[in-house]
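Contents: one structure, followed by commentary.
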Protein chains: 4
Amino acid sequence: MTLAQYYDTVRTATQDICQPLQTEDYVPQPVPFVSPPKWHLAHSTWFFEEFILKKYLPGYVVFDEDFGFLFNSYYNNVGNRVFRANRGNITRPNVAQVYEYRQYVDAHMQELIQAKADDAALAGLIVLGLNHEQQHQELLVTDIKYILGGNPLFPVYDEVADWEAQHNTGTGFVTIDEGVYNVGHEGAGFSFDNEHGRHKVYLNQFTISNTLVTNAQYLEFINAGGYTNFNYWLDEGWSWVTENKIEAPLYWYIIDRQWMHYTLSGLKPVDPDAMLTHVSFYEAAAFAEWKRMRLPTEFEWEIASAQLNWGKRWEWTHSAYLPYPNFHKPDGALGEYNGKFMVNQMVLRGASCATPKGHSRNTYRNFFHAGERWQFTGIRLVKL
Amino acid sequence: MTLAQYYDTVRTATQDICQPLQTEDYVPQPVPFVSPPKWHLAHSTWFFEEFILKKYLPGYVVFDEDFGFLFNSYYNNVGNRVFRANRGNITRPNVAQVYEYRQYVDAHMQELIQAKADDAALAGLIVLGLNHEQQHQELLVTDIKYILGGNPLFPVYDEVADWEAQHNTGTGFVTIDEGVYNVGHEGAGFSFDNEHGRHKVYLNQFTISNTLVTNAQYLEFINAGGYTNFNYWLDEGWSWVTENKIEAPLYWYIIDRQWMHYTLSGLKPVDPDAMLTHVSFYEAAAFAEWKRMRLPTEFEWEIASAQLNWGKRWEWTHSAYLPYPNFHKPDGALGEYNGKFMVNQMVLRGASCATPKGHSRNTYRNFFHAGERWQFTGIRLVKL
Amino acid sequence: MTLAQYYDTVRTATQDICQPLQTEDYVPQPVPFVSPPKWHLAHSTWFFEEFILKKYLPGYVVFDEDFGFLFNSYYNNVGNRVFRANRGNITRPNVAQVYEYRQYVDAHMQELIQAKADDAALAGLIVLGLNHEQQHQELLVTDIKYILGGNPLFPVYDEVADWEAQHNTGTGFVTIDEGVYNVGHEGAGFSFDNEHGRHKVYLNQFTISNTLVTNAQYLEFINAGGYTNFNYWLDEGWSWVTENKIEAPLYWYIIDRQWMHYTLSGLKPVDPDAMLTHVSFYEAAAFAEWKRMRLPTEFEWEIASAQLNWGKRWEWTHSAYLPYPNFHKPDGALGEYNGKFMVNQMVLRGASCATPKGHSRNTYRNFFHAGERWQFTGIRLVKL
Amino acid sequence: MTLAQYYDTVRTATQDICQPLQTEDYVPQPVPFVSPPKWHLAHSTWFFEEFILKKYLPGYVVFDEDFGFLFNSYYNNVGNRVFRANRGNITRPNVAQVYEYRQYVDAHMQELIQAKADDAALAGLIVLGLNHEQQHQELLVTDIKYILGGNPLFPVYDEVADWEAQHNTGTGFVTIDEGVYNVGHEGAGFSFDNEHGRHKVYLNQFTISNTLVTNAQYLEFINAGGYTNFNYWLDEGWSWVTENKIEAPLYWYIIDRQWMHYTLSGLKPVDPDAMLTHVSFYEAAAFAEWKRMRLPTEFEWEIASAQLNWGKRWEWTHSAYLPYPNFHKPDGALGEYNGKFMVNQMVLRGASCATPKGHSRNTYRNFFHAGERWQFTGIRLVKL
């Protein structure tokens, strides 16, 4: 696949995700960590305009001077931006204008790709931009689910596809020997800066499950009083449970004495054999405690991954999101991509049913706050 | 005008207000006290369906069973409802469906009006529903302004009309003699229950301005340090100023050393001779203190009103919103219309440039919290 | 009683209230609206130093320059002060030093009173200071109760006296004729500026109870589901009930299926025949609604008062705290005494079991926010 | 030293720390993370009563049944307890009674120690209780400083001792070779469960400073605009700075153009050559970024420690507080000691000027939230 084709494939995929939406669905931001679909469409486009077209395409005229202010996400180095929690109140530019913006930038990007086919630094930036867009594709799916899922009518996003209904294919446990291992990304192929710096770690022997926790297993935890016994919970987790009155995974409801959950195909009975999803780190850690097992560290996961079935759930690890030994923050705005978030978040490994094809690898480090659970998160256990 | 014509006129006017909107503009709720235009359109329709069609039109089938839950505002007697602060996250039903809802209800309302032309109780309820709709027309205008006004692009709602640019037409002061006066609504014509119970009050002599405070006068207050001297402010007003860093009326900005304000026609220089608007009760009271004058009580205003020019600004009074001596809360849901809000709000008298024609009278009692200022509020002074 | 004797009597009474306290009890401020006893002792003393001794006693040397900062309450005109919510964290000066401060100021005040026996303006200020101190005596009692009452051990303040156990002595209702009446303070004797400006009001005929609501009557309201039926409540009151999970008056607990309440003599069974106390305006208004009666206005109360038994409870009226027609805020710091609080509070009339002797009159206007109930508040009803 | 002597030494040391306090100083809790000295005195005593005397001393009668409720800290397994933020409002039992409680428990503990001199499990529990008490000794010092430090009079705790004025004694950097190292506690001597499970880690070569950052070095950071340039800060750190308006370490003030800081000996000029203290992890990380260096990990620190001068500041590491590979939470209440706090906190290594003698070792893991800085924290850097 040429870079031009790659560019086109990724950019088209973003719009495909939005195809089932109605205009109104593009607008809301129900909570600060969810962004309006309109904003995702524009922001991923702004990334190409700001970091590539303005610098590499001679004579490029920005589509609209105001868009930088509106669609910058968190790059302080690039200037002021709309306060994050306010994104859902910005109705103009409207959806049609945002699509025009995408077309305008796409046309100029294709022009640039043709003109500078052999500029490796540029190609690297474009690939970064496409991987950035793929991250937003995954967020688009989960943010759309959150927006529609807050509606008491439980609207259907996609009648046909079975987004969240995966069953385990493997069985049993895998044991990994004690020793020094190499972790982190190396070699050809794209990776983010937070994976860089392949380095040695020492692992003790450990035994990790080849299956993810299922809904049935988690229901046992619920029925055993898992949400009412503080002994299973981290102290902050227990506060989270009691303050937010948490009694089940996100999107689960008891309706007529049956556990239902809201899926992208609408409200459905909970399938006992499907992989559990939409749990927080706190819930994952409490479940493991109840099972008298534990979560893997991110390096255990990485080393074991070749022998595991994975890819449908982001899997919570018991590793905090911290820099690798030789991590160097790049200078300038792109240095803000990852490094500044390296405190008070937990690492997730794997990929989810919402991860775009070609966007997963076993060194990928995803990260969220311990109480967040609107991603397609899951639980894999390690024996004590 | 027949009731059928009256109904049609009012209902059409609501949609006329929304004519300049784009679909996206119908969705957001930037703050809890502002509702999405889509919600106003649906809620005022639900009022007719819930309180009239379901009871008076035999065989009436509700448009959608879910709408009662979605579009009830605050009537606890009618069942559960969407938490108020969550209105901006409900994208379905979409705008087109809400307009279908209006058409459906309108058709049945016209059918009912034809069928029961001589039912006076019904006619009274319909007139209440239309007055309710007119209240929402005014809120629609101010809520649309708030939604668009939060956009850093300052979008134009209406290029042509001069919504907020009124100048005073009268001059001087009016003196009213001491004595016993009758206040409150009486006689034919619609009024709300909070105006009922015409009763006697004793007024001391007072002298009230025939003009509203202008932007130029208010700029004097700003320039004299009005927002930085606690002596002019009520204690709660001073907290409001310091906590919210208030330095000018809502929608005012200093741009290139010039005072600009956001209007429904976009960003404009402040016109010194126009009537001031978008001030809170706290600001009105502080301005009066600085001028060594005071705000009128609601009864002073009512008695003087025949001799005053009024109708472009809601005018803050120094009266708290409390029941009249013989106020009786109606039983049932309609009893929740006014009575339960009678604490910790201040009365405004008059009408504003956003008030529908035929919806103002000198006994009308509007009311808002002391810190609210997104309505077209103004200041009229009384001599000490 | 000479001024010197009057001064001594009032100042001694403050210390008598604190006699049962242990040193530790003088320190805490459990909520912002409650002040530490140590602070009351010092603040009422500072008032004499700041407003009288510094101006009237030649050569007076302040006890400690820092005390003005520490013990100013809310007089912005007198300079900076400790942030109100922080009073409970100031352990120095300690209690013994505060008593020394009192002795120092008292000695100089007595010296001043002897030296300027015939200065009427000064005498007026001293009387103001003593009435100010008496207001703080009442707050001392209620704040001490709040501090001790938050302790799960329910400590006893005063084993002997029967602070809160009053029964009604009158019976029946009193009817007052329609007409123009004079209200407000006039004549000799001390009064606060918010009572000044005797003026005419017009009252409709009304019929007011000669008894206050008893615990037994209020228990009927509780047992009838008063706290769970929104129809009885103001909208803000209902939010207050649900957000704070209110189910009974302050200090009431169900222990072993019996209603108990914390009193200044410790935990006691609720006496059905005693006057109800520690209810908010919201509760008073809901109770009245349930009884299909209403609260009096402050002017109805004032006119009827000569025919009523009153003085054990502060009685909630349905009047907002607003300036009288001719209210003029004094210039300077003393102008901050009352006027700046005249918004979003309700008037209480009467006096309570904690009001010092000689500190009550039928024109006295007390005022609190609608949700406050740590004062000895009560309910008197008027027929609809 | 016998166990009886050890017990007596530690218990006496706690009271020695409180010797300069006045009764009032024992009461306040200015922020939830600071506890009243009275509470520390009682809680560390309750620990012996609850976990030792009630189980091991036949016929032991608890001093007061209510104290368990009042002085439990966070052991959910032991029953209800006073809500943490409410500790400062509990004036009874008073200070004298708390000292009686200590005497009572101490007498019974000595009796028990004599009676069961050869019970190793009991001895282990007693040593745990004494180490627990030593942790509270350090907190007592820092909490007392916080309580007195919030008083605008800047009271002196200890005129004589030089608590915070330490200078570096070493110089230069230490380089540690790459390799597999053993970390964690092993062998005789007390340690906490979070240090247990000695295990191998792989370290890259690193070069660590033998000195802590001084006030002079940190002033350079301040003067270079360190607090105003987001590029140095973690994203959460930048929010912390802007929301809390942080401009310097805790207790630093500019007075007459000079940097002063509040110390346990009162307000003093900042000594440029003294070790910096009272910085948060956010500040430590930002300072390191500005210096183009980094913080050590907790294992780098532990391995290098034998070659470093340490012990006056708790040193922030860039390691999150997480369980060691073989960490097992003990069953029952003592299992709540450490494990449940292992999320969203950062590890500190070393010890501080407030750490009791004999209470530090190079495997000790202290931990605080990234924004906390009322401990005597410091910064040690590693070269990039």
Which members of the stretch D:91-108 meet the condition of being of a type in the set (A, V, I, L, M) and more than 26 Å from the chain's Cα centre (by Cα)? D:Ala96, D:Ala107
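To keep it simple, each residue is scored yes or no on (1) closer than 30 Å to D:Glu336 by Cα; (2) aromatic (Phe, Trp, Tyr); (3) within 14 Å of chain A (Cβ to nearest Cβ).
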{"residue": "D:Glu164", "(1), (2), (3)": "no, no, no"}
{"residue": "D:Asn182", "(1), (2), (3)": "yes, no, yes"}
{"residue": "D:His185", "(1), (2), (3)": "yes, no, no"}
{"residue": "D:Glu195", "(1), (2), (3)": "yes, no, no"}
{"residue": "D:Thr207", "(1), (2), (3)": "no, no, yes"}
Criterion: aromatic (Phe, Trp, Tyr) and touching a residue at least 60 places away in the same chain (Cβ under 8 Å) - qualifying residue of A:Phe341, A:Phe299: A:Phe299
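Residue by residue, here is whether (1) open to solvent by 10 Å² or more (accessible area, probe 1.4 Å); (2) at positive phi holds:
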{"position": "A:Pro20", "(1), (2)": "yes, no"}
{"position": "A:Val27", "(1), (2)": "no, no"}
{"position": "A:Val34", "(1), (2)": "no, no"}
{"position": "A:Glu50", "(1), (2)": "yes, no"}
{"position": "A:Gly59", "(1), (2)": "yes, yes"}
{"position": "A:Val62", "(1), (2)": "yes, no"}
{"position": "A:Gly68", "(1), (2)": "yes, no"}
Go through the stretch B:167-191 and give me each residue that's part of a loop (DSSP other than H, G, I, E, B) and either under 30 Å from B:Leu128 (Cα atoms) or in contact with a His (Cβ under 6 Å, 6 or more places away or on another chain) (or both). B:Gly184, B:His185, B:Glu186, B:Gly187, B:Ala188, B:Gly189, B:Phe190, B:Ser191
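Among the listed residues D:Thr214, D:Thr171, which satisfies the condition of being away from chain A (no Cβ under 14 Å), among the hydroxyl-bearing types (Ser, Thr, Tyr), surrounded by fewer than 16 Cβ atoms within 10 Å (Cβ to Cβ) and more than 30 Å from D:Leu334 (Cα to Cα)?
D:Thr171
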Failed item in (1) of a type in the set (Asp, Glu); (2) modelled with pLDDT of 95 or more; (3) open to solvent by less than 40 Å² (accessible area, probe 1.4 Å), with C:Glu289 passing the rest: (3)
Criterion (assigned by TED's automatic domain parsing to the domain that holds B:Tyr7 and at pLDDT 95 or above) met by exactly one of B:Thr142, B:Thr207: B:Thr142
In the stretch B:128-165, which residues are among the polar types (S, T, N, Q), closer than 29 Å to B:Pro296 by Cβ and open to solvent by less than 30 Å² (accessible area, probe 1.4 Å)? B:Asn131, B:Gln134, B:Gln137, B:Thr142
So which residues in the stretch B:318-336 are under 23 Å from B:Arg294 (Cβ atoms) and more than 9 Å from every other protein chain (Cβ to nearest Cβ), if there are any at all? B:Tyr324
Checked against (1) touching a Leu at 6+ places or on another chain (Cβ under 7 Å); (2) of a type in the set (Phe, Trp, Tyr); (3) open to solvent by 20 Å² or more (accessible area, probe 1.4 Å), B:Trp310 satisfies every condition except (1)
Helices (runs of 4 or more DSSP H) wholly inside the stretch D:15-118 that include at least 3 residues being within 30 Å of C:Arg87 (Cα to Cα), modelled with pLDDT of 95 or more and within 14 Å of another protein chain (Cβ to nearest Cβ): D:37-48, D:95-115
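Does B:Lys357 satisfy the condition of being more than 13 Å from the chain's Cα centre (by Cα), among the charged types (D, E, K, R), at the interface with chain C (Cβ under 10 Å from one of its Cβ atoms) and not in a strand (DSSP E or B)? Steps first, answer last, please.
Values: more than 13 Å from the chain's Cα centre (by Cα): yes; among the charged types (D, E, K, R): yes; at the interface with chain C (Cβ under 10 Å from one of its Cβ atoms): no; not in a strand (DSSP E or B): yes.
Spelling it out, it is not the case that B:Lys357 is more than 13 Å from the chain's Cα centre (by Cα), among the charged types (D, E, K, R), at the interface with chain C (Cβ under 10 Å from one of its Cβ atoms) and not in a strand (DSSP E or B).
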Only listed residue being part of a loop (DSSP other than H, G, I, E, B), in contact (Cβ under 8 Å) with a residue 12 or more places away in the chain and among the aliphatic types (A, V, I, L, M), chosen from A:Val141, A:Val127, A:Val156: A:Val156
Confirm whether B:Val10 is within 14 Å of chain A (Cβ to nearest Cβ) and either polar (S, T, N, Q) or within 19 Å of the chain's Cα centre (by Cα) (or both). no
Every listed condition ((1) of a type in the set (A, V, I, L, M); (2) open to solvent by 40 Å² or more (accessible area, probe 1.4 Å); (3) within 17 Å of the chain's Cα centre (by Cα)) holds for B:Met346 save (2)
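Among the candidates D:Ala333, D:Ala306, which residue alone is hydrophobic (A, V, I, L, M, F, W, C), modelled with pLDDT under 95 and more than 26 Å from D:Pro249 (Cα to Cα)?
D:Ala333
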Restricting the search to the stretch A:368-384, which residues are surrounded by fewer than 21 Cβ atoms within 10 Å (Cβ to Cβ) and either free of Cβ contacts under 8 Å to residues at least 24 places away in the same chain or in contact with a helix residue (DSSP H, G or I) (Cβ under 7 Å, 6 or more places away or on another chain) (or both)? A:Gly371, A:Trp374
Applying the selection to the stretch D:290-342, what residues are over 20 Å from D:His185 (Cβ atoms) and outside any helix (DSSP H, G or I)? D:Lys291, D:Arg292, D:Met293, D:Arg294, D:Leu295, D:Asn309, D:Lys312, D:Arg313, D:Trp316, D:His318, D:Asp331, D:Gly332
How many residues, within the stretch D:253-283, are crowded, with 20+ Cβ neighbours inside 10 Å, at negative phi and not aliphatic (A, V, I, L, M)? 8
Can you name every residue in the stretch B:236-292 that is acidic (Asp, Glu), within 12 Å of another protein chain (Cβ to nearest Cβ) and within 24 Å of the chain's Cα centre (by Cα)? B:Glu236
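The values are calculated or read from the model by the stated rules, or taken from the named source; none is laboratory data. Because the structure is a prediction, the values reported are computed rather than measured. Note that we place each Cβ from the backbone using ideal geometry, even for glycine, and neighbour counts take in every protein chain shown. Just the protein is used for accessible areas: all its heavy atoms, side chains included, with ligands, DNA and RNA removed. Shrake-Rupley method; radii C 1.70, N 1.55, O 1.52, S 1.80 Å.
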